[in-house]
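Q: I have a structure I would like to understand better, so I am pasting it below and will then ask my questions one at a time.
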Amino acid sequence: MKKLFIFFLVYYPLFTKAQTPDEEYSIDPASVEQAGVPQGEVLKFAFDQSKIFPGTWREVWVYVPKQYDPKVPACVYVNQDGIQWKAPTVFDNLIYKKEMPVTVGVFITPGRVIASNPDQALDRYNRSFEYDGLGDKYARFILEEILPEVENMKTSDGRAIHLSKSGNDRAIGGSSSGAVCAFTAAWERPNEFSRVFSAIGTYVGLRGADRYPTLLRKYEPKPLRIFLQDGENDLNIYAGDWWMANQMMLRALNFSGYEVTHIWGEGGHNGKHGTALFPEAMRYLWKDWPGPIKNSGSKNPMLTDIVIPGADWELVIEKFAANNSLAVDQQGNLFFKDAVKPDRNYLTDAAGRVVETHIMVIPQAIDKFKGDWEYRIGGKALSPDHTQLYMTDMDSHWVGVVQIQADGTLRHAQRYGWLHSPDTADNAGAGGVICDREGRVYVATGLGIQVLDQTGRVNVILPVPNGSATDVIFGGKDFDQLYISSKNRVYRRRLNAKGVNGFEEPVKPTKPKL
């Protein structure tokens, strides 16, 4: 008996600590129906005509506030996994008190492919595919398929539904995988969704969302405001640790200059805490509306070194011909071919004027290289000191490097630079490559322009207007304008960096941080 008592004294604290605490939260008055507050209407429809997720069936509920006037397009809140958080009641109360704008709520369930014989077969459940994956597919599904269906509806009193097309007027949210889905939609389309509610978000290794804390730090901050919630007793399973992953997200968002707040608790993987604080989250996400969301700037030193605030991509010309065919001369003139008439050559001079020319500078043709591995070359670039040759591999996420000997021979080839790949591809989609005078390496990829330091690490990702880039080169009078080819268009952006070229004298860059 004495031994049992000692065992109890030693191990009882461990047992109690391991148990998930009872979750009791104070109730926000906005979560309770209030006398005299006008109640909105909830409509419902089923949707089974998706071209983006073919064969899926789902239900959609649409909350329309009493105050909605069809003459004024409404703000929008989109929620995954259907109606959660007592949202219609919360919206009634917050809209009535003018703590959020007049907002139409759209609550969507994940898709299912219905079994032809439900007695013998299961439906295909599409939730993880739609919610946990990266990329813009789900954002396009909302924008191109669901919201147009919502606008085809009318309220019971005959009001047509008109939704604002401004991203500043749109919020999106969800729980668990639905939270990742919401963040991904805003991340991919920040001009369409600017406010994100994330409860117990699944930023772990299910389908790549564990990459977000890293990617956030490398991109320029986007115009997003985020509210995070999680509890220290959230899941810790094969895919990762939810509690730690959400804290990593918070630290990455703060590092990158986003508008973000959070409420942590002790709860588990459920919606109790999220429901309790949903009114507070809505107040935060819609504060100061219709004022725009502002970020405070990234703490990424390479990003702040090369990017000029306010200098964005400019369209130079449409109907550009082939991939990987940009070139410059010693005056900084950019050369390219016409897509419709490939026998015609053009240049963009240092003043930005596009003129036809009979002169054409052709880069070296794409070929293969065999060092310690064999790959197809997407682009080549000399280092500033002309002693290294960088080569992109079109079939992987690697940038190769080889040392140029005094007699011009190539030795010591190896995989060197590691690139990020988009969720829609098994390789980085690497094409053109160029260096600046500090030794940074700029690579055109499926995610935009990835900028590596001299040791082969991606520090910065510059997204481009059409999502992916195929070639990149510095041009302009001072070689400080970065030109890219992207889906038969040429864009340029002025940077606080200057490119190097093979026709210039070698320059020894500063030693990198190891």
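Q: Identify all residues within segment 495-507 that are touching a Pro at 6+ places or on another chain (Cβ under 7 Å) and either open to solvent by less than 40 Å² (accessible area, probe 1.4 Å) or of a type in the set (D, E, K, R) (or both); write none if there are none.
A: 500 - this is the single residue of segment 495-507 that is touching a Pro at 6+ places or on another chain (Cβ under 7 Å) and either open to solvent by less than 40 Å² (accessible area, probe 1.4 Å) or of a type in the set (D, E, K, R) (or both).
Q: Here's something else I'd like to know. Give me the residue from segment 365-375 that is outside any loop (DSSP other than H, G, I, E, B) and surrounded by 15 or more Cβ atoms within 10 Å (Cβ to Cβ) and, out of that set, modelled with the lowest pLDDT.
A: 369
Q: Another question, then. Yes or no: residue 460 in contact with a Phe, Trp or Tyr (Cβ under 7 Å, 6 or more places away or on another chain), open to solvent by less than 10 Å² (accessible area, probe 1.4 Å), assigned to a strand (DSSP E or B) and of a type in the set (A, V, I, L, M)?
A: So residue 460 does not fit the description; no.
Q: When residue 407 is evaluated against the numbered criteria (1) outside any strand (DSSP E or B); (2) modelled with pLDDT of 85 or more, which criterion, by number, is the only one it fails?
A: (2)
Q: Okay, moving on. Given the conditions (1) without any contact (Cβ under 8 Å) to a residue 24 or more places away in the chain; (2) not in a loop (DSSP other than H, G, I, E, B), which single one is not true for residue 449?
A: Only one criterion is unmet by residue 449, namely (1).
Q: Tell me, which strands (runs of 3 or more DSSP E) wholly within segment 177-282 include 3 or more residues that are within 23 Å of residue 31 (Cβ to Cβ), among the hydrophobic types (A, V, I, L, M, F, W, C) and open to solvent by less than 10 Å² (accessible area, probe 1.4 Å)?
A: Ranges flagged: 195-199, 225-231.
Q: Which of the residues spanning segment 61-94 are assigned to a strand (DSSP E or B) and buried (at least 19 other Cβ atoms within 10 Å of the Cβ)?
A: Residues satisfying the conditions are 62, 63, 64, 74, 75, 76, 77, 78, 79, 80.
Q: Assess whether residue 476 counts as being surrounded by fewer than 17 Cβ atoms within 10 Å (Cβ to Cβ), touching a residue at least 60 places away in the same chain (Cβ under 8 Å) and out of contact with any helix residue (DSSP H, G or I) (no Cβ under 7 Å at 6 or more places or on another chain).
A: no
Q: Could you grab me the full set of residues in segment 43-56 that are open to solvent by less than 70 Å² (accessible area, probe 1.4 Å) and either in a strand (DSSP E or B) or not small (Gly, Ala, Ser) (or both)?
A: Answer for segment 43-56, where residues must be open to solvent by less than 70 Å² (accessible area, probe 1.4 Å) and either in a strand (DSSP E or B) or not small (Gly, Ala, Ser) (or both): 43, 45, 46, 47, 52, 53, 56.
Q: Quick test of your reading of the structure: residue 492 fulfils all but one of (1) among the basic types (Lys, Arg); (2) over 23 Å from the mean Cα position of the chain (by Cα); (3) in a strand (DSSP E or B). Name the failing condition by number.
A: (2)
The values are calculated or read from the model by the stated rules, or taken from the named source; none is laboratory data. It should be emphasised that the depicted structure is a prediction, and the values quoted were computed from it without experimental measurement. Neighbour counts run over all protein chains shown; Cβ positions are idealised from the backbone, glycine included. Just the protein is used for accessible areas: all its heavy atoms, side chains included, with ligands, DNA and RNA removed. Shrake-Rupley method; radii C 1.70, N 1.55, O 1.52, S 1.80 Å.
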